[in-house]
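Reading through the structure tokens given below for one structure.
The values are calculated or read from the model by the stated rules, or taken from the named source; none is laboratory data. Everything numeric here is computed off the predicted structure, so don't read it as measured data. Positions of Cβ are backbone-derived with ideal geometry, glycine not excepted, and every protein chain shown enters the neighbour counts.
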Amino acid sequence: MTTRPRHIAHLHLHLNAPPDEGQHTDVIDLLTGITPHVQTVSPDAVQLDLTSALRYFDRSPYGLVQLAQLRLMALYGIESSAGLAGNRMLATMAADASAPGHATWVPAEQAAVWLRSRPVTGLPGIGRATATTLGKYGLHSVGQVADAPAATLQRLLGAGPARLLAERARGHDPRPVTPLEPAAHLVADLVLDRDCLDPEGHHRAVLGLADQIGRRLRGESQVTGRLALTVRYADRSSTTRTRTLPEPTDHSPALAAALLGLLAALGLQRARVRAFVVRADDLLPADGAPRQLSLDPGDARARTVEKAADRARHRFGPSALYPATLANDRAPHRE
């Protein structure tokens, strides 16, 4: 079995229809369902480090970009311009070069050539005054700045700014994506390929999200005390139901039972469903969470099997094992 090479992938999303204050929280929740490494860039952009998400979703970097853009459009009607590259600076510049609804991918082996032709004003931190100063000496493109002698840049800008400019002109940017605060909840969503009227399809979708939330909780050594299920319909309306759990848990069958109870309470029957969103709140460290002792040996066996399945997925990818109920939903995908 071959494994995907490890990529360092940064995504910059420019939101062409900036969300309002309430919707902004929902957008960040949506994107943290892809990766916890999300940073907002005021007023209308978001940056993500997708490195850890590539193996989890078993997709290419560009596949994750398409996933993020599809979810933003399907759930909130927000079109975005995307840039994907090996660091934050290149991803931002790639997004600036993208038309609304499209994405520009700058692979690492092509970054130097792509960057050379960009205007020097595209580099972060280059304002009008600096661009004017560089332009007087014929330094209009990033490539021209990269080729300029260090002494020339120091004479024009000073030692510190000159070193920073030279590094950026060569495509170097060590800044990490730094979330403002740890996630207080986890979100998983499923956007359907077409409107679903089938109650059995609704059932399978919620089971899949319960399994996904459970795996993420266990992977981050957390448990949840409250679940919320949101159903979005074809007319873009939505309904949300919440449930406080008897005890905090990361056990997928317990999560599935609670979420299926919420689904049944909605009474969807033949509703035209476009998407499902599951949110886990009241997160606690798994080590410190209270747990009711069980005398049922079947419960202990189920948790042992669950841990073994998690280890297999960590090693071979998320599609290595999945609930038998979801077998028909796991056809191989190509990218």
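Quick look at the numbers
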read-out	value
Matching residues in segment 99-122 - criterion: being aliphatic (A, V, I, L, M) and under 25 Å from the mean Cα position of the chain (by Cα)	Ala99, Ala103, Val106, Ala108, Ala111
Yes/no for Arg59 being modelled with pLDDT under 90, not assigned by TED's automatic domain parsing to the domain that holds Gly83 and not in a helix (DSSP H, G or I)	no
Residue match in segment 221-230 (condition: over 27 Å from Ala286 (Cβ atoms), outside the structural domain of Ala68 (by TED's automatic domain parsing) and either modelled with pLDDT of 90 or more or surrounded by fewer than 20 Cβ atoms within 10 Å (Cβ to Cβ) (or both))	no
Hits in segment 199-211 (condition: more than 16 Å from Leu268 (Cβ to Cβ) and either without any contact (Cβ under 8 Å) to a residue 40 or more places away in the chain or among the aliphatic types (A, V, I, L, M) (or both))	Ala210
Per-region count, segment 123-146, residues out of contact with any Lys or Arg (no Cβ under 9 Å at 6 or more places or on another chain) and not β-branched (Val, Ile, Thr)	11
Residue check, Arg204 outside the structural domain of Val46 (by TED's automatic domain parsing) and surrounded by 14 or more Cβ atoms within 10 Å (Cβ to Cβ)	yes
Members of segment 134-165 found to be exposed (fewer than 12 other Cβ atoms within 10 Å of the Cβ) and among the small types (Gly, Ala, Ser), listed by number	Gly138, Ala150, Ala151, Gly158, Ala159, Gly160
Some residue of segment 66-84 being in contact (Cβ under 8 Å) with a residue 24 or more places away in the chain and over 29 Å from Asp235 (Cα atoms)	yes
Spans of helices (runs of 4 or more DSSP H) in segment 71-186 with at least 1 residues among the charged types (D, E, K, R), modelled with pLDDT under 90 and not assigned by TED's automatic domain parsing to the domain that holds Val27	128-135
Segment 221-251, residues that are out of contact with any Pro (no Cβ under 7 Å at 6 or more places or on another chain) and in contact (Cβ under 8 Å) with a residue 60 or more places away in the chain	Arg232, Arg236
